[in-house]
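Just so you know, all these numbers are worked out from the coordinates, no wet-lab data involved. This is a predicted model, so every value here is computed, not measured. Virtual Cβ from ideal backbone geometry, glycine too; neighbours counted across all protein chains shown.
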């Protein structure tokens, strides 16, 4: 193939490309005028899935004194193993991913010194950690304190929560008496 034949082929390819581009611009800008949306993108309607633990399940079905009557602190220490990945309950122990829980019963929310709490938890800092509040929080942290950064799903069993609370009540300079 000589130079003249090559130029003819190159010119044909170039003209096809320019013709295609020109037709596309002409069609998009003049023939088919597409209205520009006020807000770019698509809105996807999403129906919120029901939560695994409903808010009503967080509160005990019976009074807290009745729930705590069968609590066993020795079993609570075993339940605390779930918490040890993030929390410590030793006096003077360090904060981990979560605050130290020594003396947590009746301590204010966001009350562990030196721990950087979420804004949601700081917003409840005037409220004490009562047995009722801890019981609800342990059932579903995100339901009890919306916006908390604690990623724990919760403890479903009321008995396990009561056992854990009985054990946590003992982890203080002056152990907290269980509600009767």
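Structure above, values below:
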{"quantity": "Computed [θ] at 222 nm, deg cm²/dmol, the chain (DSSP H ≥ 4; -39,500 (n - 2.57); rounded to nearest 500)", "calculated": "-11000 deg cm²/dmol"}
{"quantity": "Percent RCO, i.e. relative contact order, over the chain, from Cα pairs under 8 Å lying at least 6 residues apart", "calculated": "26"}
{"quantity": "Cα gyration tensor category, rounded, prolate or oblate, for the stretch 84-180 with a/c compared to 1.5", "calculated": "rounded"}
{"quantity": "Extended-chain gain in nm, criterion 0.36 nm per residue less alpha-carbon gap, residue 118 and residue 14", "calculated": "31.2 nm"}
{"quantity": "Calculated diffusion of the stretch 107-164, Stokes-Einstein form, Kirkwood radius summed over Cα pairs, 4 °C and 1.567 mPa s, µm²/s", "calculated": "110"}
{"quantity": "Ranked packing of 5-14, 101-110, 30-39, most packed first, by mean Cβ within 10 Å", "calculated": "101-110, 5-14, 30-39"}
{"quantity": "Euclidean distance of C-alpha centroids, the stretch 1-42 and the stretch 102-180, integer Å", "calculated": "66"}
{"quantity": "Kirkwood Rh, angstrom, the chain [1 / mean 1/r, Cα pairs]", "calculated": "21.0"}
